[in-house]
């Protein structure tokens, strides 16, 4: 028999491949960073041996969850300004706070907290849009996560840069520094159609195309944005982005709440990915995206949390549950966003949106071992007739016991093992006191 580093056993194995069938009494063989095989435990145990057999009775194993849109360092602004519309929240509170506090040290410390929260909730890969992403990259690697890190681009000055060209230059420098890393995928991220002009978008897209890296933006998040872009360009946001040639399979657009049918067709034809951030959109009263129409049109949609300053957490399980329920209600159709589609969006489709479909998102030989083991023997998960249903509607972050990224266990028995949790929380409380004083 072939020796492997881990054999992971479970009552239920969800590979998110093929017809999405559940493998009962399943097992995954892991060697180094990769998945070697997956099937029933009976099949795997006849071919492989390991000194480390984990999981077991009452467990479910599925691919690591993927958060395709966040501003991770904003976790330090969690709860700083709540119950406000987006424009007031952003311009009156968040941008001034960033103007005062944003630095490499702030991002580095805040990323520890964000990665801790995401990993313990089963998120193994996230996509970020922020500044000082070198600091974010170093911390993310230390914590044992994967990330698509997008250097933000704006048309106005911040502590990070003064002009659009300077933002873009810094983004390209970051891309050059990190483009060969296995854990960090560099990205360029023009903020939004109302904060970046045509020239900035075109230059950012040229950088993305030159280096074949993702490009990330906000689009059609609010009614105000749609009206503003109509005034400026006589087009809706997606029509405008399409007219300047920046939509492609390299692009993933966050929110996409206020879309016309024509815009949905454009997203499908250009293979532009969408990050659906239902909880942030609800909390800021931005609206409810036409998810059912996007899925029917063939748009590849994934889940994002947005930043913890507007959500207020980084929990993809929560996004799945909220989205499924809200879309059933607004469409008057209980079959909309079934539990299998919900988990697809959180795993396989999330990876594809981030250009990582060949590396992660499903449990398949040759892909990286990004895996979650959750305990199903909990009161709120008993009895259990449909494992997909329980993951989408009843599972909590606290049910996740083990998280593996690239074949390395980073969460064991619910505890982070790559860094000191108490130290991370203490550091966050120290920042809280500094920010509160000002």
- Picking from 259, 267, 241, the residue that is part of a loop (DSSP other than H, G, I, E, B), crowded, with 24+ Cβ neighbours inside 10 Å and either at pLDDT 95 or above or within 22 Å of the chain's Cα centre (by Cα) (or both) would be 259
- Would you please name the residue that is surrounded by the fewest Cβ atoms within 10 Å (Cβ to Cβ), looking only at residues in the range 14-68 that are in contact with a helix residue (DSSP H, G or I) (Cβ under 7 Å, 6 or more places away or on another chain), free of Cβ contacts under 8 Å to residues at least 60 places away in the same chain and within 20 Å of residue 376 (Cβ to Cβ)? 25
- Query: If we only count helices (runs of 4 or more DSSP H) wholly inside the range 319-438, which ones have 3 or more residues that are at pLDDT below 95?
  - Reply: 421-437
- Message: So if I check each of 69, 12, which one is assigned by TED's automatic domain parsing to the domain that holds residue 339 and in a strand (DSSP E or B)?
- Response: 69
- May I ask you to list the residues in the range 270-285 that are part of a loop (DSSP other than H, G, I, E, B) and at pLDDT 95 or above? 271, 272, 277
- Query: Among the listed residues 427, 436, which satisfies the condition of being outside the structural domain of residue 54 (by TED's automatic domain parsing), more than 22 Å from the chain's Cα centre (by Cα) and in contact (Cβ under 8 Å) with a residue 60 or more places away in the chain?
  - Reply: 427
- Quick one: how many residues across the range 392-406 are surrounded by fewer than 19 Cβ atoms within 10 Å (Cβ to Cβ) and more than 14 Å from residue 374 (Cα to Cα)? 1
- Message: Quick check on the range 174-208: of everything there that is under 22 Å from the mean Cα position of the chain (by Cα) and assigned to a helix (DSSP H, G or I), which residue is farthest from residue 162 (Cα to Cα)?
- Response: 178
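The values are calculated or read from the model by the stated rules, or taken from the named source; none is laboratory data. Keep in mind the model is a prediction, meaning the values are calculated, not measured. All Cβ positions, even for glycine, are placed from backbone atoms using ideal geometry, and neighbour counts span all protein chains on display.
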